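Only one structure is covered here, and it is reproduced in the block below.
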Amino acid sequence: MENIESIGKVLRHKRELKNITLEQVAQKTKININILRHLENDELEKLPNKTYVKGFVANYARTVGWDEEEAKNTLLSTYQEISGQRPEVKPKPQLGSLQNENEEAEENQELKETFVSIVQSFFNKKIFISVIALLILAAIGKGVVSFFSQLNYEHEQIAETSPLKEEKDNILEMDGNKKFAEEVAKENEKAAETQKNASEVKAEEKEVAVIPVAEKPEVKKEEPKEEEVEEEDEAVAAAPQKTIDGKFPFKKFSQAPTNTFEIIKDSPEAADAELLPDNIRGAMVPGKQNVYIVALEGDTWIAYQTDNDPIKKYVLKKGRHVLIRGDVVKLFMGNYNVTKVFYNNQLINAFTKTGVKSLIFPEQAGKDLKLPLFPTFQGRSYTSAEYIENMANESIQ
């Protein structure tokens, strides 16, 4: 909207007068920063119900020292202007109208008391309380079931795709965690050794760049080289390993979603040269899926495939970067929450409770894919299509 008196324009103006950032407003009000961005941009259609928006505006107004009633009236005017209606601003109450307000309050109180008496005439108080308690317990139970179902599904994905644990291991057991730690240490040693020999990798490989966060890369005309990663054992990868009857064990697959992430436009991280260096930004190829991962706060292990190339999987150590490029990129991450992921030089956000996440670039490619993306059998990873093609029927198991 172009109107200088719109709610977004006024809020931004008040904030700038206070000389505070949008991040500081989000911290003080506990409101998601994306909601605040939509509010300042007058993108009201992207916000929740109007009742919630009024609460957001009131909190924002208090933070920047703006009268709450005036802020709500401005919000109402903005809604009306968007819908094409003539704005009708609610006037601030005057001293002379206090008597009318008291009369209206008394009438409202009488209506409330009448309604309560009607309800009490139909329902016994104890029965009514019992019904409410049952509804609350049902809602809590549904939420608990939903949480553990999601947790179980993502743990199954770990069991299917993790290169660092055997199928018989339980990721929640101490032995499994100890094995994971040992494997991470081994992978880190191999990654350090392969970095030393990275300059010998041939140029015809797909471009994959892995560089330390602490080092500030110089801007060069040449594109980043691919770092060697641990591949499947040659004897295992030579041919599919099957059961005695020539089939893989039956597994359950689900349709991959077409909305695995959201793009955060104009994010501060995308403008930070420490997180997204100039040489990486300049290496983006138009028309391709350019995915850049930064292991910012800890180690993460990843498995990915570009187009029809072989599946690659390894530990991305804390402080390391990787650039993946292709027409279609399928990515599975075991510790997403410690990373920053950029897609075509823009930060993305992918919600996950446990850190396990499957990502597909471009998103519409998900309509032709199944989850898990990279099921494993006898130590080797396959694409979901390969596994399903060679999988035994459920009745045979």
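The values are calculated or read from the model by the stated rules, or taken from the named source; none is laboratory data. Because the structure is a prediction, the values reported are computed rather than measured. Methodologically, a virtual Cβ is constructed for each residue, glycine included, from the backbone with ideal geometry; neighbour enumeration extends over all protein chains shown. Only protein heavy atoms, including side chains, enter the accessible area calculation; ligands, DNA and RNA are left aside. Shrake-Rupley method; radii C 1.70, N 1.55, O 1.52, S 1.80 Å.
Here are some notes:
- Protein accessible area in segment 251-397, 1.4 Å probe - carbon and sulfur %: 48
- Of the GluC sites (Glu not before Pro) in segment 257-328, those whose Cβ has at most 12 other Cβ within 10 Å and which sit in DSSP loop: Glu274
- For Trp301, distant residues with modelled amide H under 5 Å away: Leu316, Gly334, Asn335
- Percent of Cα pairs exceeding the 13 Å cut-off, where the set is segment 351-397: 67
- Measuring max minus min along each principal axis, the C-alpha atoms of segment 277-397 give extents of 54, 31, 24 Å (largest first).
- Positive dipole terminus of segment 241-397, leading residue within Gln255, Ala283, Pro375 (C-beta point charges): Pro375
- Vicinal HN-Hα couplings computed from phi for segment 371-376 (Karplus, 6.51 cos²θ - 1.76 cosθ + 1.60; Hz; Gly/Pro x): 10, x, 5, 10, x, 10
- Neighbourhood charge, 12 Å Cβ-Cβ cut-off, centred on Glu16 and excluding it, Lys, Arg +1 and Asp, Glu -1: +4
- Interchain or long-range residues, amide H under 5 Å from Leu347's placed H: Ile264, Ser267, Ala270
- Charged neighbours of Lys265, selected by a Cβ distance under 14 Å, balance to -3 (K, R count +1; D, E count -1).
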